[in-house]
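Values in this text are rule-based calculations from the coordinates and carry no lab data. If you're wondering where the values come from, they're calculated on a predicted model, not measured in any experiment. Every residue, glycine among them, receives a Cβ derived from its backbone with ideal geometry; neighbour counts consider all protein chains shown.
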2 protein chains.
Amino acid sequence: MPNPPTIKEIAQRLNLAPSTVSRALHNHPRIGLKTRMQVQALARELQYEPNQTAIFFQQKKTFTLGIVLPELSEAFFSAAISGIEDTANKSNYMVLLGQSHDDTAREQKIVEIMKNHRVDGLLVSLARNTVHYAHFEMLRKYNIPVVFFDRIPDMKDIHYVASNMESGTIQAVSLLLQQGHRVIGMINGPEKLIASRQRTTGYQKAMQQQRLKYDATLNIHSDLTKEGTCQAMQQLLSHKRKITAVVAFNDYVSQDAVQYAAEQGVQINKDICFVSYANLPLSSYMAYPPLASVEQYPYLQGQKATEILLDLLSGKLAPDAYQQVVIDSKLVIAAGK
Amino acid sequence: MPNPPTIKEIAQRLNLAPSTVSRALHNHPRIGLKTRMQVQALARELQYEPNQTAIFFQQKKTFTLGIVLPELSEAFFSAAISGIEDTANKSNYMVLLGQSHDDTAREQKIVEIMKNHRVDGLLVSLARNTVHYAHFEMLRKYNIPVVFFDRIPDMKDIHYVASNMESGTIQAVSLLLQQGHRVIGMINGPEKLIASRQRTTGYQKAMQQQRLKYDATLNIHSDLTKEGTCQAMQQLLSHKRKITAVVAFNDYVSQDAVQYAAEQGVQINKDICFVSYANLPLSSYMAYPPLASVEQYPYLQGQKATEILLDLLSGKLAPDAYQQVVIDSKLVIAAGK
DNA sequence: AAAATTTGCGCAATCGTTTGTCCAGCTGTT
DNA sequence: AACAGCTGGACAAACGATTGCGCAAATTTT
């Protein structure tokens, strides 16, 4: 009921100056052992706890990291945030959350509010349709470092952690080739996305390795909506060459494509096999789980990005020593296959 | 590069007192229109922004809500947090996140840190095995209000929002009865859980309504692990009465049970129908989606809980006017059935 | 025109902690 | 014995904003 004890109170009771108490609590060597003990004893007795808001104010630091990401309901992000949280907590940082719901306007607003709340740094995964980055550039003026992860902007001079879809794609396509598939369709994402381009080059390289020709008409770009996926699948099914395998942009796309194909009378895993990129943890319950999945290590990405941000904050890393970490994706064969 | 402008600076430039500037910015009526305009003009010009940490400190408020929940990767919680975030943001509150990962020790630590960060209030969904609530009781001393949601403690004098599984269960069982099922198995959760007991009474009441006898041996309590589920399903399959339908504790349990039953040669949706409680958003992709699902309105729960907390903070609600909101669950028939 | 009120603004304290500077007393050196 | 060097601690400013109070000038009331 009474106000929580402050340094001043302790000082009064012991006839000391507040400064002395402060230093005593921090084990400052200039304070004699006796007084130090006295102070600490009384602090314990009164259950003294420093007022963090005062400290935040005084130190111009809040020990808070802002996280801006599209959607926690996507398994990738909820895994990533665990990596972020765990790493941040280890260094006594807390995590302020904001979901953009893939809406750029909302993303801007969140960044603004987080800036006002004086977060020490920001971890960001972009909204799908964000193409202008002024709201991030602005943070430089406030000396708030930003580390992007997974969905990173097309900019120079930024810190980021992202996975390279190329390696996983090579492995995926190679697996299919090895299994004898020769006409492999790909349902890819929007062309402007880095991740889409990486899938494309991965596809190309895997073909090259086997001295096979890459057929661009088998690589369909879609907008990742359910309609787009069905349209793409439709195109693949009516392709002059008969496809026997499909690499889908992600598990959601894969499931939509599978469903569509099944409706068209295709025998899944017989006529056509599917390989995809890991998003769903529960694919084992799926009607037609993909044959294999490219793992993108969300937890690791979150962890890495946070480590960079913390190093930036502690000064261990210079703000202009731009960290650009690429994590190779890796093919994981579905259990029991 | 130069330090951000402060009220003092504006005051100096205009030969005013800081207090005047502060009031002018807040449109205090006692400040003349002319000065008010001048101040606001200069503030705009300098791009003045109040230092929130200073305000937090001065006002002893941080406009931050702490969220403690078990697992964001569970769809229920990631939906709930959206409700929380949206509601909090509307009132200019931010959201500090902490996942307990169903570990009580971790839950305690998070609460401690959040208290130190001086969150204004807490929204909590308990870790599975939390049975002592000292770390929440302690918050009373600090006048930090707590609103529990979904996984609520067995305590008096608390605020909470939870869904009542009874109504949904009645509807679920009634649906099955209506479809002609007479021997209905239930894979329930641990007996000590309120949610389990509600499912039981729901089951009983639905039977009663049709003047049917409730058979307790059809209501199996499991520990919600995969093994527990299989064991329970096994028991149901070997029950002396031949069951034709199963009500599973949640979608995860349902899927495990379905898988197990299928392995035992049971024809899903033919020999046995499944009904469950909504957790998974993607059940349409499942091999055997449940016939119907009891919706628990996670977004709404998060929203409601946050509204209560905000009312508590604004004083609109007295701290001891304990709010205990129960949201009726509701059966949703799967699309296309 | 004197009194009362209102208007417009400044003064100073306050929130709790940290930190640079200063000072008194003690110790030890020569 | 005089001076330098430590030791242990006090003083006060500072972080940025808010707010109760006071006071003069301007305005209204009587």
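Numerical summary
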{"quantity": "Geometric extent, Cα atoms of the protein assembly as shown - Rg, Dmax (angstrom)", "calculated": "28.9, 92"}
{"quantity": "Highest-first arrangement of B:65-76, B:308-319, B:128-139, where packing means the average Cβ count within 10 Å", "calculated": "B:65-76, B:308-319, B:128-139"}
{"quantity": "Fewest-first sequence of A:H239, A:H181 by Cβ atoms within 10 Å of each Cβ", "calculated": "A:H239, A:H181"}
{"quantity": "Most fluctuating residue given options B:K109, B:K226, B:K213, as computed from a GNM of chain B linking Cα atoms under 10 Å", "calculated": "B:K213"}
{"quantity": "Two-site label geometry, B:Q47 and A:Q324: point separation in nm, points 7 Å out along Cα→Cβ", "calculated": "2.6"}
{"quantity": "Candidates A:P29, A:P153, A:P290, ranked by Gaussian network fluctuation over chain A, Cα under 10 Å, top entry", "calculated": "A:P29"}
{"quantity": "DSSP H segments from chain A that extend 15 Å or more along their own axis, Cα-based, with Kyte-Doolittle mean of 0.0 or above", "calculated": "A:75-90, A:165-178, A:298-314"}
{"quantity": "Contact order relative to length of segment A:217-337, as percent, for alpha carbon pairs under 8 angstrom and 6 or more apart", "calculated": "20"}
{"quantity": "Peptide-level mean, for B:85-98, of C-beta atoms on other protein chains within 10 Å", "calculated": "4"}
{"quantity": "Fewest-first sequence of B:I7, A:I113, B:I184 by Cβ atoms within 10 Å of each Cβ", "calculated": "A:I113, B:I7, B:I184"}
{"quantity": "Distant-in-sequence amide H partners of A:V161 (H built 1.01 Å from N, under 5 Å)", "calculated": "A:F148, A:F149, A:D150, A:V325"}
{"quantity": "DSSP bridge pairs, chain A: antiparallel proportion in percent, nearest 5", "calculated": "10"}
{"quantity": "Cross-link pairs beyond the 19 Å C-alpha cut-off, checked among A:K226/B:K270; B:K213/B:K330; A:K213/A:K242; A:K90/A:K304; A:K8/A:K61; A:K90/B:K115", "calculated": "A:K226/B:K270; B:K213/B:K330; A:K8/A:K61"}
{"quantity": "Relative contact order of segment A:134-275, pairs being alpha-carbon contacts under 8 Å that are 6 or more residues apart, as %", "calculated": "22"}
{"quantity": "Rg followed by Dmax, in Å, when segment B:17-159 is reduced to its Cα trace", "calculated": "20.0, 62"}
{"quantity": "Cut-off 16 Å, label 7 Å out along Cα→Cβ of B:L212, residues of segment B:276-298 by amide N", "calculated": "B:276, B:292"}
{"quantity": "Other copies of B:A321: label-to-label distances in nm, shortest first, labels 7 Å along the beta-carbon direction", "calculated": "5.7"}
{"quantity": "Relative contact order (%) - criterion: Cα under 8 Å, at least six apart; region: chain A", "calculated": "18"}
{"quantity": "Using a 7 Å Cα-to-Cβ projection, A:A17 label spacings across copies, nm, ascending", "calculated": "3.0"}
{"quantity": "Calculated P(r) tail over 23 Å for segment B:165-295, as whole % of Cα pairs", "calculated": "21"}
{"quantity": "Sparse-neighbourhood loop sites, GluC sites (Glu not before Pro) in segment B:191-267 - DSSP loop, at most 12 other Cβ within 10 angstrom", "calculated": "B:E191"}
{"quantity": "Kirkwood-based Rg to Rh ratio, segment B:7-50, C-alpha trace", "calculated": "0.90"}
{"quantity": "GNM top mover of A:V266, A:V119, A:V111 - chain A, alpha-carbon springs below 10 Å", "calculated": "A:V266"}
{"quantity": "Amide H contacts of B:H221 (H built 1.01 Å from N, under 5 Å, at least 5 apart or other chain)", "calculated": "B:N188"}
{"quantity": "For residues of A:74-84, the mean tally of beta carbons on other chains within 10 Å", "calculated": "3"}
{"quantity": "Label-point separation in nm, A:E263 to A:K316, each point 7 Å along Cα→Cβ", "calculated": "5.2"}
{"quantity": "Residue mean of other protein chain beta carbons inside 10 Å, B:135-145", "calculated": "1"}
{"quantity": "For A:T225, label point 7 Å along C-beta direction: distances to other copies, nm", "calculated": "4.6"}
{"quantity": "Coarse-grained scattering of segment A:201-254 at q = 0.21 Å⁻¹, given as base-10 log I(q)/I(0) from a Debye sum over alpha-carbon atoms", "calculated": "-0.85"}
{"quantity": "Net charge of Cβ neighbours under 14 Å - reference A:M37; Lys, Arg +1; Asp, Glu -1", "calculated": "+3"}
{"quantity": "Ranking of B:D120, B:D150, A:D215, A:D157 by count of other Cβ atoms within 10 Å, fewest first", "calculated": "A:D157, A:D215, B:D120, B:D150"}
